Every structure is written in structure tokens, then in C-alpha cells.
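To keep things clear, I will list the structure first and then write my remarks on it.
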């Protein structure tokens, strides 16, 4: 749950004087020239990806949040990608099955931005396999799938 997560907060100033961000770039001080993989995501999985990246001390991976899926913020995403000139891969990571969630309806937008950034970039998917159900129903299987999708985000 994100209800009391220390990173899932907004200050009063953010709420009164800030504005909605359609794309939120990397929050850690990582040298963009060292980043070879960019992981995009939306929702709670962001915090799992961030924890994994920090725990592994990876400075070759940036994690970016897409906060608005429609209309898709292609220009804002392109702006966030601009500093990462040495990217070798871009991954979309989601907890939902492949045939559900943002991948199903937004991958063509993500691909367009990736190719515009660097022609040879391929957008890859890290997440659960396609399924009729949104969840497996067994806590142990869910935990296995969760660990696999996080690992895939770092390695596919």
C-alpha cells in the first residue's frame, strides 16, 4: 500500500502552488550519460522499481513515471528522454497482465517517442503474461510474478 509510503507524498505547497506533471523524470542524481536503460511505468510499481535500483546501486538505469495515459504526453516524455543520449533500451513495466493496463493501449505512443529519440531503440515489455483475470488469486504466485516482472525490467 502507498497510503503511508514515505516517498508517496505531496507537500501543501505542491498542492496549492504546483501543477500536475504528466511525466515525472528520474528523482535521483544520476549522470544521464551513464544511463543505458530507461524503465517507464505508472502507479505503485514505480516504488518497487526505485527500491530495487537503489538496493542494487545501479546508476545505468533511470526510472520514469507516466502519470497521464490519455491523451498520451508524447512531448513531455520526449523532453524527459532528451538528456539520455546513451540509451540502449527502453522498457515499459507494469503489474497488470500484458493485455490489460497501459501497455495494451499506449505502447504505440511510447514506441513513437522512443524511435524519435533514437532510431534503433526498441520498446520492451516487462510484466505479467496476458490473462483473462487481473490477478492470479494466490499470494505466493503473485509474489513470484512480482519478483519476475521487476527482474525482467532490469534485464530484458
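Just so it is clear, none of the values below were taken in a lab; they were calculated from the coordinates. Everything numeric in this text was worked out from a predicted model, so none of it was measured. With ideal geometry, Cβ positions are generated from the backbone for all residues, glycine too; neighbour counts draw on all protein chains shown.
Just one of the listed residues (54, 58, 4, 65) is closer than 19 Å to residue 91 by Cα, outside any helix (DSSP H, G or I) and either out of contact with any helix residue (DSSP H, G or I) (no Cβ under 8 Å at 6 or more places or on another chain) or touching a residue at least 60 places away in the same chain (Cβ under 8 Å) (or both), and it is 58. Here residue 75 passes the criteria (1) assigned to a helix (DSSP H, G or I); (2) touching a strand residue (DSSP E or B) at 6+ places or on another chain (Cβ under 7 Å) except the one numbered (2). Taken together, the criteria exclude residue 92 from residues that are more than 13 Å from residue 150 (Cβ to Cβ), in a helix (DSSP H, G or I) and under 14 Å from the mean Cα position of the chain (by Cα).
In the set (1) over 18 Å from residue 28 (Cα atoms); (2) under 14 Å from the mean Cα position of the chain (by Cα); (3) surrounded by 14 or more Cβ atoms within 10 Å (Cβ to Cβ), residue 52 fails one condition alone, (1).
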